[in-house]
Amino acid sequence: MKRREFLERAASVPLLVPLIGCGGGGDGSPTDPAPGGGPGTVPTGLDLPDLPRLANSGGPGAFHSSITAARANVQFATGVNTEAWAYNGVVPGPLVELHEGDDFRVTFTNQLPQESNIHWHGLPVPPEMDGNPMDVIPPGGSFTYAFTVPPGTAGTYWFHPHAHHVSHEQFFRGLNGMIIVRSASDPVPGDIPEKHLYITDLKLDSAGAIPGNTDGDDLNGREGNHVLVNGRQEPVIRIRPGSSQRWRIVNATSARPLRLALQDHTFIVIGTDGGLLASPVAMGELFLAPAERAEVIVTANQGAGSSHLLVALPYDRQKIVSPGLSAQLTVATLTYTSESPAASSPLPASLRPIGPLESPRAIQQAAFTNTAPMGAIMFGINGKLFDPGRVDLIARVNDVEEWEVTNLAGMDHPFHLHGGQFQVISRTRGGVTVAEPFLAWRDTFNTVGGETVRFRMIQRFTGTRVFHCHIMEHESHGMMATLMVV
Ligand code: C2O
Ligand code: CU
Ligand code: CU
């Protein structure tokens with residue numbers, strides 16, 4: 001299938017199509033770039049590496065470890081050392097692999113020249129253990145994060161710094177990593193191998209250094225010139241013909257929404273931020289806002305030896321500086337081995353029950369706003385910039401509350417609230433309200449200018465936490481507010 005046909009086909013695939021066998025089509029012409037790349041260039045076409053795992057010194061039922069944030073030299077371009085800020089020396093950070101019920105105890109040491117902390121994005125843990133911007137560790141300091149990984153949280157999460165004003169810089173210099181929580185009983189057949197696609201956006205200058213932000217980066221949210229998966233550009237994912245793989249995908253970019261499509265394949269979506277759906281949903285295209293995650297099943301129903309591009313389709317996020325449609329980019333290549341076909345076990349029709357959150361006891365309202373004194377742009381929430389000492393909204397612990405989030409600030413802004421997972425109820429765009437088509441546990445969603453999104457949530461811990469736009473620059477510059485749970 002040619003690129004234009006693919007684009008047209010991808011554009012014509014409805015967001016939700018009935019769950020049927022994946023349609024085929026296309027000649028599967030190999031489009032592999034030649035592996036490697038000369039000195040000074042970021043190589044493409046190498047195999048997708050596994051993420052290094054964070055070592056666990058706890059026994060069964062425990063996860064005990066330590067994470068240090070410090071400067072490190074990392075090789076992104078061949079033969080060039082790039083100074084990054086890294087967790088335990090690696091970019092992206094090490095994979096934190098947990099089990100429901102684990103006694104979690106991780107000591108964080110800050111060897112950066114700035115305050116920092118670690119936020120466990122999406123996990124329902126007590127606020128004082130969740131790395132909120134009010135709780136920062138000074139340069140040279142350390143802190144032990146300790147909590148129990150709650151039952152029912154099996155899913156895909158991630159971690160990153162959350163110190164006010166500096167989190168975006170620590171983030172783009174390399175400080176972030178993936179978390180997986182596993183359950184004792186996973187309904188996905190064990191013979192379906194798992195791949196992790198941790199997608200980041202690296203900006204390298206011509207000397208191979210990570211430059212600071214331009215004004216445009218601060219306004220739009222920073223985009224890089226190398227979209228990486230597990231630290232590699234356009235890697236190759238190998239699959240045996242006939243078999244299936246389970247992909248956990250994380251959009252760990254500062255600001256880039258990803259409209260993912262896999263040439264000649266349909267994604268069978270089985271999970272969102274907070275884990276498995278009630279049943280699988282087939283999608284031709286998967287939209288992941290910055291900070292959003294998904295689990296999908298990919299089945300190899302094309303010919304042995306064929307290659308198919310995983311792309312991010314063009315998207316217009318209504319940027320302020322250099323607006324317009326983004327160019328399509330290749331994220332990875334799926335390459336079939338020449339092995340004989342072997343089918344994986346079928347996916348069960350039901351994955352796990354999700355009970356709807358009903359009868360909210362209170363309504364919370366939050367609007368993304370732009371207060372523009374003398375033409376400047378100041379993204380805030382409910383007309384204000386972040387103040388860690390101010391209480392913006394108050395919620396009651398263990399109550400179902402409904403949130404109404406409205407984007408009055410022009411460009412796309414992904415919303416994120418700390419404290420756990422919620423259920424999106426409906427989205428209103430251009431006066432048309434669309435009920436959410438299926439129940440899912442999420443902690444992040446995109447909003448476009450003028451849109452209102454409603455969701456329901458229960459906060460399980462008292463204390464103060466934050467909600468914000470997950471474009472890292474916007475969050476860092478004040479598009480964030482506090483929620484006190486009483
Ligand atoms: Cu990724 Cu405040 O979060
Ligand atoms: Cu978070
Ligand atoms: Cu924003």
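The values are calculated or read from the model by the stated rules, or taken from the named source; none is laboratory data. No experiment lies behind these values; they were computed from the predicted model shown. Cβ sites come from the backbone with ideal geometry, for glycine too, and all protein chains shown count toward neighbours. These area figures cover heavy atoms from the full protein model, side chains too; ligands, DNA and RNA do not enter into them. Shrake-Rupley method; radii C 1.70, N 1.55, O 1.52, S 1.80 Å.
Calculate for the chain the 222 nm mean residue ellipticity that helices alone would give, adding -39,500 (n - 2.57) per DSSP H run of length 4 or more and normalising by residue count, nearest 500 deg cm²/dmol.
Working: 4 runs with 27 residues, N = 486.
Taken over the chain, the calculation gives -1500 deg cm²/dmol.
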Quiz item: Tell me, what HN-Hα J-couplings in whole Hz come from the Karplus equation 6.51 cos²θ - 1.76 cosθ + 1.60 at θ = phi - 60° for each residue of the range 428-438, using x for Gly and Pro?
Solution: 10, 10, x, x, 9, 9, 10, 5, 4, x, 8
Practice problem: Could I get the Rg over Rh figure for the range 362-485? Both from C-alpha atoms, Rh via Kirkwood, rounded to two places. | Solution: 0.96
Quiz item: Simple spin-label model, 7 Å along Cα-to-Cβ: residue 378 to residue 53 in nm?
Solution: 4.9
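Can you give me the % of accessible surface on the chain that is carbon or sulfur? Probe 1.4 Å, all protein chains present, nothing else counted. Mind showing how you got there, number by number?
Working: 9760 of 18050 Å².
Carbon and sulfur atoms account for 54 percent of the accessible area of the chain.
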Quiz item: What is the set of long-range amide H partners of residue 102 at a cut-off below 5 Å, with H atoms built 1.01 Å from backbone N?
Solution: 149
Quiz prompt | Test item: Cα-centred dipole of the range 362-485, Lys/Arg +1 and Asp/Glu -1 on Cβ, debye | solution = 160
Quiz item: Once label points are set 7 Å from the Cα along Cα→Cβ at both residue 194 and residue 207, what is their separation, rounded to one decimal in nm?
Solution: 4.2
Quiz item: Do you know the relative contact order of the range 361-486, to the nearest whole percent, from alpha carbon pairs under 8 angstrom that are 6+ apart?
Solution: 33
Quiz prompt | Backbone HN-Hα couplings from phi across the range 194-203 [Karplus 6.51/-1.76/1.60, Hz, Gly and Pro as x] | solution = 9, 10, 10, 10, 9, 9, 10, 10, 9, 10
Quiz item: Which aspartates and glutamates have a Cα less than 15 Å from the Cα of residue 384, not counting those fewer than 8 places away in the same chain?
Solution: 392, 475
Quiz item: When the C-alpha atoms of the range 62-182 are aligned to their principal axes, what extent does each axis show, in angstrom, from largest down?
Solution: 45, 31, 21
Quiz item: Alpha carbon centre of the range 83-115 versus the range 276-337: separation in Å?
Solution: 28
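Note the full-extension length gain between residue 385 and residue 345 as 0.36 nm times their separation in residues minus their Cα-Cα distance, in nm to one decimal. Please list the in-between numbers first.
Values: separation 40, 0.36 × 40 = 14.40 nm, distance 5.15 nm.
Stretched fully, the residue 385-residue 345 segment lengthens by 9.2 nm.
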Self-check item: Accessible area (Å², per residue) of the chain, counting only protein heavy atoms and a probe of 1.4 Å
Solution: 37
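Determine the gain in length on full extension of the stretch residue 460-residue 428; use 0.36 nm per residue of separation and subtract their C-alpha separation, reporting nm with one decimal.
Values: separation 32, 0.36 × 32 = 11.52 nm, distance 2.80 nm.
Using 0.36 nm per residue and subtracting the Cα-Cα distance, I get 8.7 nm.
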Quiz item: Quick one: of the DSSP bridges fully inside the range 142-276, what percent are antiparallel, nearest 5?
Solution: 70
Quiz item: Given a Förster distance of 51 angstrom, what is the FRET efficiency for residue 359 paired with residue 214, based on the Cβ-Cβ distance and rounded to 0.05?
Solution: 0.60
Practice problem: Quick one: give the max-minus-min coordinate of the C-alpha atoms of the chain along each principal axis, largest first, in Å. | Solution: 61, 55, 53
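Using only Cα atoms, what is the ratio of the radius of gyration of the range 167-274 to 2.2 N^0.38 Å? Mind showing how you got there, number by number?
Details: Rg = 16.6 Å, N = 108, 2.2 N^0.38 = 13.0 Å.
Cα Rg divided by the expected 2.2 N^0.38 Å: 1.27.
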Quiz item: Whose amide H sits under 5 Å from the amide H of residue 160, counting only residues 5 or more places off or on another chain, with H placed in the peptide plane?
Solution: 119, 121
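Compute the FRET efficiency between residue 435 and residue 486 as 1/(1 + (r/R0)^6), taking r as their Cβ-Cβ distance and R0 = 30 Å, and round to the nearest 0.05. Kindly include the intermediate steps, with their values, before the conclusion.
Numbers: r = 31 Å, r/R0 = 1.03.
After rounding, the FRET efficiency stands at 0.45.
State to the nearest 20 debye the size of the charge dipole of the chain about its Cα centre, where the only charges are +1 on K and R beta carbons and -1 on D and E beta carbons. Could the numbers behind the result be given before it?
Details: 34 positive and 46 negative charges, 71 e Å.
That gives the chain a dipole magnitude of about 340 debye.
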Quiz prompt | Of 315, 176, 458, farthest towards positive along the dipole that unit charges on Lys, Arg, Asp, Glu beta carbons give the chain | solution = 315
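Quick one: compute the contact order of the chain, relative version, from alpha carbon pairs under 8 angstrom and 6+ residues apart, as a percent. Kindly include the intermediate steps, with their values, before the conclusion.
Working: 1366 pairs, mean separation 73.2, N = 486.
Across the chain, relative contact order equals 15 percent.
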Quiz item: Pulled fully out, how much extra length does the chain show between residue 70 and residue 322, if you take 0.36 nm times their separation in residues and subtract their Cα-Cα distance?
Solution: 87.3 nm
Quiz item: In whole Å, what is the distance between the alpha-carbon centres of the range 389-442 and the range 212-241?
Solution: 27
Self-check item: For the range 262-333: Kirkwood Rh in Å [reciprocal of mean 1/r, alpha carbons]
Solution: 14.1
